[in-house]
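What follows draws every value from the coordinates through simple rules; no lab data is involved. Every value quoted in this text rests on a predicted model; they were computed, and no experiment measured them. Cβ placement follows ideal geometry from the backbone for every residue including glycine, while neighbour counts extend to all protein chains displayed.
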Amino acid sequence: MVKLSDNEEKRINDKLKDNGYKLTLQRKLILENLLEHEGEHLTIEELYDIVKIDFQDIGLATVYRTMQLFEDIGLVSRLNLDDGCYRYELIHENEHHRHHHLICLKCGRVTEVQGDLLESLEQSIEKKYDFQVENHSVKFFGICSECKKKK
């Protein structure tokens with residue numbers, strides 16, 4: 001299992017402490033499994049199944065509550081990829097915006113697009129509408145390269 005780096009663990013510990021919480025064993029295991037499966041956009045049920053392998057006493061309700069807490073304090077973001085369930089991913093220390101996602105309409109594959117492609121658009125919106133953009137979420141729907149090859 002991927003372990004949290006010392007810096008990441010301190011950042012998470014501080015964020016929890018600032019909000020009146022502690023980094024319990026269950027919370028740490030959930031975070032480490034999110035890190036290990038980064039890019040997979042896990043549902044709570046999928047995350048529960050993975051964590052349960054190493055920590056059989058954990059309950060599904062604990063994973064739900066923990067993920068809600070992590071979302072509330074800004075450790076994870078909840079994604080709606082229009083597939084009927086919410087998926088989660090870690091928010092890293094230096095992330096200013098969520099990354100974008102490419103979603104295949106045939107196989108459901110989700111690909112992360114790295115880099116903030118909308119910075120100039122944000123600046124234009126902020127100037128034109130006197131609106132401070134804090135974040136954005138972009139999803140592109142189409143056909144992935146693998147599914148295009150199958151045609």
Compactness of the stretch 97-151, expressed as Rg and Dmax over alpha-carbon positions, Å
14.8, 47
Just how large is the dipole of the stretch 76-149 about the Cα centre, in debye to the nearest 20, putting +1 at every Lys and Arg Cβ and -1 at every Asp and Glu Cβ?
520 debye
Ranked from highest to lowest mean number of other Cβ atoms within 10 Å per residue, what is the order of the peptides 131-141, 81-91, 26-36?
26-36, 81-91, 131-141
Could you list the residues of the stretch 46-75 with an amide nitrogen less than 17 Å from a label point located 7 Å from the Cα of residue 85 in the Cα-to-C-beta direction?
46-53, 59-68
Between residue 7 and residue 64, with labels modelled 7 Å along Cα→Cβ, what's the label distance in nm to one decimal, could you check?
3.7 nm
Taking 53-60, 41-48, 68-75 and ranking on average Cβ neighbours within 10 Å, highest first, one gets 41-48, 68-75, 53-60
Only Lys, Arg, Asp and Glu count, each charged at its Cβ (+1, +1, -1, -1), so figure out the dipole size of the chain about its Cα centre, rounded to 20 debye.
500 debye
With the dipole of the stretch 1-95 defined by +1 on each Lys or Arg Cβ and -1 on each Asp or Glu Cβ, the option from 50, 68, 80 whose Cα lies farthest towards the positive pole is 68
Report, to one decimal in Å, the Kirkwood hydrodynamic radius for the stretch 1-95 based on all distinct Cα pairs.
13.4 Å
Taking H as built 1.01 Å from N, whose amide H comes closer than 5 Å to the amide H of residue 100, not counting residues under 5 places away?
113
Counting only residues 5 or more apart in sequence or on a different chain, those whose built amide H sits under 5 Å from that of residue 42 are 88
Give me the dipole magnitude in Debye, nearest 20, for the stretch 43-90 about the Cα centre, with unit charges on the beta carbon: positive for Lys and Arg, negative for Asp and Glu.
140 debye
